[in-house]
C-alpha cells in the first residue's frame, strides 16, 4: 500500500514521523525509521535531504517561534547527527575522483549540520573531504590550507550575523593563497543575501547534492584551465 503512494507523500509522512520521534528524544526509533525506509527502497540521498535536512529546518522554525526550547532543539539535532552517520555507514560511495574539498563553518558559526551534510554528500560522490567542523578560526583555516591545500574550499554560514566572518575568511584565503583556490559558499545566510556570491567572487555550493557536485567539478575545471 505504501509503495503505491506518490513519493512526495511518502516522504512527507516519513518526515512527520521522523520529526516527532526526534523531538521525543528517541534515537533508536529514528534509526529504525531510517532502516525501514532503506529496506523499502528509499535512497540515502533522499533520506538525507527530504527527511533529515528538512527536519532540521523545521526544528529551526519551531525554535525561532518559541514552540520548543533550546535544550530540546539541541537534543533533536544531536539525534540527527547520529542519524547522518548511520546513513553514511550504509551508503555505497562512488569511485574515488582524486579531488579534495575542505569544508568548514566560518568563525563564529556554530551550526555544523549544513556543513556535515555537505561533507557527506561530497564524500559519497567520490571526493576526498577534509571536514573542519563548526566555528573554525580564520587563522586556523588559512594555516591548514597552506599546509594541506585542497582542490576546492567550501564555507558554510547559517546565521546572517556571521556574514562579516565569511567576508574575512574569503579575504584572508585570497590574500594568503592567491586567487587560484576555488571557494564555494552555502547555507541559509547565503540564500538570504542575494548578490553576495558575485560580490565576493566565489561560487554557490548549490541547494541539492547534484548541484553541489556540479559546482565542485566546475570549480576544479576552471582551476585547471
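Derivation of every value follows stated rules applied to the coordinates shown; laboratory data play no part. Note that this is a predicted model, so its numbers are computed, not measured. When we count neighbours, we look across all protein chains shown, and the Cβ atoms used for this are built from the backbone with ideal geometry, even at glycine.
A few points about this structure:
- For the chain, the longest principal axis of the alpha carbon atoms and the long axis of helix 54-64 meet at an angle near 90°.
- Segment residue 9-residue 74, extension gain: residue separation times 0.36 nm, minus the distance between their alpha carbons: 20.6 nm
- FRET E, pair residue 82, residue 176, Förster distance 41 Å, beta-carbon r, rounded to 0.05: 0.65
- Computed extension gain for residue 214 through residue 17, at 0.36 nm per residue and net of the alpha carbon distance, reaches 67.7 nm.
- Net length gained if the chain between residue 90 and residue 32 were fully extended (0.36 nm per residue, minus Cα distance): 19.6 nm
- Relative contact order, percent, region 2-90 [alpha-carbon distance under 8 Å, six or more residues apart]: 37
- Taking region 102-174 and dividing mean pair separation by its residue count, relative contact order in percent (alpha carbons under 8 Å, at least six apart): 46
- Shape category assigned to region 36-166 from the gyration tensor of Cα positions, a/c cut at 1.5: oblate
- Three-way shape call for the chain based on the alpha-carbon gyration tensor, with the a/c threshold at 1.5: prolate
- Relative protection proxy for 216-222, 102-108, from highest mean packing down: 102-108, 216-222 (other beta-carbon atoms within 10 angstrom).
- Relative to the longest principal axis of the Cα atoms of the chain, helix 70-90 runs at roughly 90 degrees.
- Angle between the chain longest axis and helix 27-39 axis [Cα atoms, degrees, rounded to 10]: 90
- Where a label projected 7 Å from the Cα of residue 143 along Cα→Cβ would reach, residues of region 176-190 with amide N under 17 Å: 176-177
- With contributions of -39500 (n - 2.57) from each DSSP H run of at least four residues, the per-residue ellipticity at 222 nm computed over the chain stands at -17500 deg cm²/dmol.
- Anisotropy class of region 98-177 from Cα gyration tensor, a/c 1.5 cut: oblate
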